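Worksheet for the structure shown next.
Read the figures in this text as sums done on the coordinates, not as results from a lab. Values in this document were obtained by computation on a predicted structure and should not be read as measured data. Here the Cβ positions follow ideal geometry from the backbone for every residue, glycine too, while neighbour counts run over all protein chains shown.
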Amino acid sequence: MAYVKRNYPRLQQAYIDTVGPKAIQEFGLNNPHQLPRLIKVVVNAGIGKYLDNAKLKPEVRDQFIKNFATITGQKPIMIIAKKAVAQFRVREGMPSAFMVTLRRDRMWHFTDRLINLAIPRIKDFRGVKEKSFDMGGSYSMGLTEQAVWPEINMANATITHGMHITFVFENSNPKMSRFVLSELGMPFVKPEERKQKKS
């Protein structure tokens with residue numbers, strides 16, 4: 001049986017060819033198995049403000065599903081609240097969010113489009129925050145509306161919603177994950193701009 005070479009997504013190929021070797025050198029790793037690895041990207045959007053008497057209108061539900069499918073290439077699941085949270089007016093059993101978990105090729109294609117197509121379309125953008133890492137190196141960020149994705153036609157949109165995006169890493173920590181994301185093109189706030197904000 002002939003060996004067929006795997007065609008990796010563009011950003012994953014960059015990680016294999018360039019970013020990984022740089023990370024090995026930067027952090028003094030002994031072998032590639034110690035590299036920080038992006039294993040999944042979780043995209044979710046809260047729907048609490050669209051509930052009407054604890055119910056989600058079919059047209060609103062359909063718009064969320066369509067937007068998520070268009071942006072991520074995957075149909076979302078609807079999350080049901082497991083417990084009541086009075087301050088957010090959430091009752092147990094109510095719809096609370098739509099969520100997609102992306103892995104493998106879809107994860108890499110989504111990350112590539114986010115970095116190179118969606119983020120550059122954000123008005124007055126100065127860079128993503130670099131303090132939103134957890135101890136395991138996973139990184140979270142938010143988008144205020146779906147309009148930044150070029151494949152979304154807002155002329156046909158009935159609602160406007162943002163989304164929360166989490167990049168989940170393994171074998172990592174905040175410093176290593178930031179290095180990998182930055183090398184892949186994630187535009188973190190530059191040091192000189194942070195100083196200007198403080199002054």
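Brief remarks follow.
- GNM on the chain, alpha-carbon springs under 10 angstrom: the most fluctuating residue among Ala147, Ala14, Ala155 is Ala155.
- Here the Gaussian network model covers the chain, with springs between Cα atoms less than 10 Å apart; of Phe167, Phe125, Phe98, Phe125 fluctuates the most.
- Assigned charges on the beta-carbon of Lys, Arg, Asp, Glu; the chain dipole about Cα centre (debye): 300
- On Cα atoms only, tilt of 174-184 relative to the major axis of the chain in degrees: 90
- Relative to the longest principal axis of the Cα atoms of the chain, the long axis of helix 58-72 lies at roughly 10 degrees.
- Debye equation applied to the C-alpha atoms of the range 106-184, log10 I(q)/I(0) at 0.17, 0.26 Å⁻¹: -0.73, -1.38
- Sorting the segments 37-50, 18-31 by their residues' average number of neighbouring beta-carbon atoms within 10 angstrom, most packed first, yields 37-50, 18-31.
- Here the mean projected area of the convex hull built on the C-alpha positions of the range 33-186 is 10.2 nm².
- Share, in percent, of DSSP beta bridges within the chain that are antiparallel, nearest 5: 95
- Multiplying the residue separation of His164 and Phe27 by 0.36 nm and removing their Cα-Cα distance gives an extension gain of 46.4 nm.
- Residue-span extension gain [Arg104 to Lys49] - 0.36 nm each, minus C-alpha spacing: 16.6 nm
- Along its three principal directions, the equivalent ellipsoid of the range 32-76 from the Cα gyration tensor extends over semi-axes of 32, 13, 6 Å, largest first.
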